[in-house]
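The values are calculated or read from the model by the stated rules, or taken from the named source; none is laboratory data. Keep in mind it's a predicted model, so treat the numbers as computed, not measured. Neighbour counts are summed over all protein chains in view; Cβ atoms, including those assigned to glycine, are modelled from backbone coordinates with ideal geometry. Just the protein is used for accessible areas: all its heavy atoms, side chains included, with ligands, DNA and RNA removed. Shrake-Rupley method; radii C 1.70, N 1.55, O 1.52, S 1.80 Å.
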Amino acid sequence: MGAVGSGGPAHPSARAIFRSPHWPGTANHGQWELRSAEPADSADPPSSADVNQHNSIEPFHSQWNYTPRLTAVLYPGNYSCTTCAAYYGLHFIKDHFVLSTNGTRRELFVGSLGTIIIKCKDLRIIQLDIPGMEECLNIASSIEALSTLDSVTLMYPFFYRPMFEVVEDGWHSFLPEREFELLSSVVMMRSSQPLTGTNGRRCKEDAALINATLRAGKRGYIIDTRSLNVAQQARAKGGGFEQEVQYPQWRRIHKSVERYNILQESLIKLVEACNDQSHNMDRWLSKLEASNWLTHIKEILTAACLAAQCIDREGASVLVHGTEGTDSTLQITSLAQIILDPKCRTIRGFEALVEREWLQAGHPFQQRCAQSAYSNSRQKWESPVFFLFLDCVWQILRQFPCSFEFNEHFLIMLFEHAYASQFGTFLGNNESERCKLKLPQKTLSLWSWVNRPQELSKFKNPLFEANSLVIWPSVAPQSLQLWEGVFLRWNRSSKFLDEAYEEMNNIIEYNKELQAKVNALRRQLAELETDDGMQESS
């Protein structure tokens, strides 16, 4: 990506980048900037184009008019061309012309005005109305080429150069060996399924290992994120579950959590419902329920609360696993830690949690976050597992607004960067791939940007008060809500919410000033009372 496309002739060194508020040092979205860059390989871009851009589903935002001179690569969406979940074609006013997904269909056309609709990984839909058929086709070809890169090393993080001073090396901020210092007498473990198979194979070393985590006279709990039926079926494929006769000190509990294509279909249905503004109330509620998104959240939070209860109320060690141990398992262990550990509710603590429980644990971000909710093709391994986790965290944050150091914008930022980023943090599917790609040497860590004081201030919760207690979220249906900050943010104006948030910050700052004055007056009063007492005694 960056200055490299996947095909076509080279062009002079310039590129147009669609700016995003989450790009370090950039202006608000809706602006363009021309910059010098390395020669790009892409389809022929236009020499100039009068482009009219607007969000095709958002009536509240005005259209953006600009005349960029593109001599290389057009970057749509948030961070880079990979923000495009899918490229859905060109629609011309005269003699309708269609370029289907991935350019598999091309037709001749005659006309003067073209429209490109880009559906992005951050759920935004952008419509470009472009005078001139050739210019429109060239822009579309560039988008198409940069949306279907052949190699990870062609992605934008390998070409991104920060416009800020890198003070902290985020690649070394959360090393595994430092996490051992946090271990306590009660342990929560995660793993993949035991390979018992149909013959009931056993491993004495495995039993001895997990038994070593038990406290004297205590039992442990094994939380299997599959239903009993699914776990039994896994034995035919060489997998399975722990037999009680082989693990007598452990109690196995099955808490079914959905995964893979079921979650992806749920996300697609929810986004489609949110984008269709023609629904009446009954139709909207029906589609929201049919997506099952909030049901998945309830299932995940219920399992996480169970794991947390075993540790907090019984002082028992817990082992969590599903099949591979890299999806639903990580959702449960991460949320249980947020419930139990106040450190995980701080910004740096949450960053460490993402590193420890997701990146280092081998969650396949490259596969799971390939195309987001917009795509004609169904990727086998695509699944919004991490997205669902962030939604669960938002649900807890909403119920305990004073217990988290970070705000909603912090979670949204992580969602966006997990799907498309100028940083290398979420590239690859595991630590092995990241090492082979040499990401620490060739890309910048997301944490190097986030942890800068200028950025941290945007993600801090003004209501935060350190809370050392365990927090128990409600999983009742009426307690769970649609995450409007993600699913509806492109459909309606956030002006009034932003103004309310700013006013809240002003009130909090004013309250701090008043509290400081009260404390100063109390000190003065105490000093005066001390002086009066000394004078009376003398």
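Anything in the range 243-253 that is in contact with a strand residue (DSSP E or B) (Cβ under 8 Å, 6 or more places away or on another chain) and either touching a residue at least 60 places away in the same chain (Cβ under 8 Å) or closer than 13 Å to residue 208 by Cα (or both)? List them, or say none.
Here is the first cut: in the range 243-253, the ones in contact with a strand residue (DSSP E or B) (Cβ under 8 Å, 6 or more places away or on another chain) are 244, 247, 249-253.
Passing the criteria: 247, 249, 250.
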Name, by its number, the condition in (1) modelled with pLDDT under 90; (2) more than 30 Å from residue 456 (Cα to Cα) that does not hold for residue 179. (2)
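Among the residues of the range 165-181, are any aliphatic (A, V, I, L, M), under 27 Å from the mean Cα position of the chain (by Cα), open to solvent by 60 Å² or more (accessible area, probe 1.4 Å) and under 30 Å from residue 438 (Cα atoms)?
Applying the first criterion (aliphatic (A, V, I, L, M)) to the range 165-181 yields 166-167, 175.
When the remaining residues are screened for being under 27 Å from the mean Cα position of the chain (by Cα), the result is 166-167, 175.
Now narrow it down to the ones that are open to solvent by 60 Å² or more (accessible area, probe 1.4 Å): 166-167.
Filter once more, so that each one left must be under 30 Å from residue 438 (Cα atoms): 166-167.
So far as the range 165-181 goes, yes, one or more of its residues are aliphatic (A, V, I, L, M), under 27 Å from the mean Cα position of the chain (by Cα), open to solvent by 60 Å² or more (accessible area, probe 1.4 Å) and under 30 Å from residue 438 (Cα atoms).
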Here is a check on your reading of the model: is residue 521 in a helix (DSSP H, G or I) and either over 30 Å from residue 270 (Cβ atoms) or open to solvent by less than 80 Å² (accessible area, probe 1.4 Å) (or both)? yes
Of (1) assigned to a loop (DSSP other than H, G, I, E, B); (2) modelled with pLDDT of 85 or more, residue 129 satisfies every one except (1)
Considering only the range 297-309, I want to know if a residue exists there that is more than 20 Å from residue 256 (Cα to Cα), of a type in the set (D, E, K, R) and either open to solvent by 10 Å² or more (accessible area, probe 1.4 Å) or in contact with a Pro (Cβ under 9 Å, 6 or more places away or on another chain) (or both). no
As an exercise: evaluate residue 472 against (1) part of a loop (DSSP other than H, G, I, E, B); (2) touching a Phe, Trp or Tyr at 6+ places or on another chain (Cβ under 7 Å); (3) not acidic (Asp, Glu) and give the number of the one condition it does not meet. (2)
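Rundown of residues vs (1) out of contact with any helix residue (DSSP H, G or I) (no Cβ under 8 Å at 6 or more places or on another chain); (2) in contact (Cβ under 8 Å) with a residue 60 or more places away in the chain; (3) in a helix (DSSP H, G or I); (4) under 23 Å from residue 393 (Cβ atoms), yes/no style:
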| residue | (1), (2), (3), (4) |
| --- | --- |
| 410 | no, yes, yes, yes |
| 414 | no, yes, yes, yes |
| 421 | no, yes, no, yes |
| 426 | no, yes, no, yes |
| 432 | yes, no, yes, no |
| 435 | yes, no, yes, no |
| 447 | no, yes, yes, yes |
Would it be correct to say that residue 455 is among the charged types (D, E, K, R) and either outside any helix (DSSP H, G or I) or under 19 Å from residue 159 (Cα atoms) (or both)? no
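Residues of the range 376-430 being among the charged types (D, E, K, R) and either under 13 Å from residue 363 (Cα atoms) or outside the structural domain of residue 341 (by the TED database) (or both), which ones? Lay out the reasoning, then the answer.
As a first pass, look at the range 376-430 and keep what is among the charged types (D, E, K, R): 378, 380, 382, 391, 398, 405, 408, 416.
Passing the criteria: only 382.
Among the listed residues 235, 202, 219, 215, identify the single one that is in contact with a helix residue (DSSP H, G or I) (Cβ under 9 Å, 6 or more places away or on another chain) and open to solvent by 30 Å² or more (accessible area, probe 1.4 Å). It would help to see each step written out before you state the result.
Values: 235 fails: in contact with a helix residue (DSSP H, G or I) (Cβ under 9 Å, 6 or more places away or on another chain); 202 fails: in contact with a helix residue (DSSP H, G or I) (Cβ under 9 Å, 6 or more places away or on another chain); 215 fails: in contact with a helix residue (DSSP H, G or I) (Cβ under 9 Å, 6 or more places away or on another chain).
Only one candidate passes the filter, namely 219.
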Taking into account only those residues within the range 463-496 that are surrounded by fewer than 14 Cβ atoms within 10 Å (Cβ to Cβ) and in contact with an Asp or Glu (Cβ under 9 Å, 6 or more places away or on another chain), which is nearest to residue 294 (Cα to Cα)? 493
Checked pairs for the range 302-313, first of a type in the set (Asp, Glu), second open to solvent by 30 Å² or more (accessible area, probe 1.4 Å), C-beta under 8 Å and 6 or more apart or across chains, list as 312/340; 312/470
Which condition breaks for residue 393 when tested against (1) touching a residue at least 12 places away in the same chain (Cβ under 8 Å); (2) under 27 Å from residue 151 (Cβ atoms)? (2)
Within the range 381-435, of all residues that are farther than 14 Å from residue 122 by Cα and of a type in the set (Val, Ile, Thr), the one surrounded by the most Cβ atoms within 10 Å (Cβ to Cβ) is 425
Taking the range 132-154 and the residues there that are open to solvent by 40 Å² or more (accessible area, probe 1.4 Å) and part of a loop (DSSP other than H, G, I, E, B), the one that is nearest to residue 439 (Cα to Cα) would be 151
Output for the range 186-199, where each listed residue is open to solvent by 100 Å² or more (accessible area, probe 1.4 Å) and at pLDDT below 90: 199
